[in-house]
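The values are calculated or read from the model by the stated rules, or taken from the named source; none is laboratory data. Everything numeric in this text was worked out from a predicted model, so none of it was measured. Cβ atoms come from the backbone with ideal geometry, glycine included; neighbour counts cover every protein chain shown. Please note that ligands, DNA and RNA were not included when accessible areas were found on the heavy atoms of the full protein model with its side chains. Shrake-Rupley method; radii C 1.70, N 1.55, O 1.52, S 1.80 Å.
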Amino acid sequence: MFVSKTKKSVTALGLGLTLMLAGATASVAVEAESEWKIRPGNIPVTVTVTNIDPAATGNDPVYVSIQTREEFRSLRGGGGVASTAKTGSMSATFYVDGPGDYAVSVWHDRDGDARFSMSEDYTVVLDSYGASGNAPTDDMPTFDDVKFTVPNMGTDLTVEMINPS
């Protein structure tokens, strides 16, 4: 999900997906604009996103991407979008097609503009974000920084959001 800074903002990645959010199933459809597809897997990966910005307006989506090393920081991979953030925490189960190493990136579009918002000089991130693993706070993460291993039976992981002021 984290891509290079070639524009003042990065366009939101969308797809249709049924998400399990806070115990309720919500079907969310968003116009697909890239190569993002629902991964046709059968190994569950449950992602719990914590520390969601308390200033969430209820009209601000949360995007989750799950990518392999080859897909990392591109517009390919799997994942989904919840059209409305839930202050505090949210959970969703996604599926991958095989065991192995993956990375999760999460983006909370706090202003609902469908763009990863940054300052004019790209020095300040304006939307909330998070990643699996140990992402550095002062640089773009590498796949090795944020990878986690999915075994045959699936896994659960927690991603804590970083909320810029």
| field | At most 15 other Cβ within 10 Å, DSSP loop - chymotrypsin sites (Phe, Trp or Tyr not before Pro), segment 71-165 | value | Y122
| note | Cα extents of segment 50-92 per principal axis, largest first, Å, are 34, 17, 16
| task | Please sort by residue number the GluC sites (Glu not before Pro) in segment 60-165 whose DSSP state is loop and whose Cβ has at most 11 other Cβ atoms within 10 Å. | result | E70, E120
| remark: Taking a probe of 1.4 Å and leaving out DNA, RNA and ligands, segment 72-165 shows per residue an accessible area in Å² of 48
| Heavy-atom accessible surface of segment 81-165: percent carbon and sulfur, 1.4 Å | 48
| request: Classify segment 57-159 as rounded, prolate or oblate from the Cα gyration tensor: take a ≥ b ≥ c as the square roots of its eigenvalues, call it rounded if a/c is under 1.5, otherwise prolate when a/b beats b/c and oblate if not. | output: oblate
| message | Just want the answer: with Cβ charges of +1 for Lys and Arg and -1 for Asp and Glu, which residue in T84, M118, S105 is farthest toward the dipole's positive end in segment 58-143? | response | T84
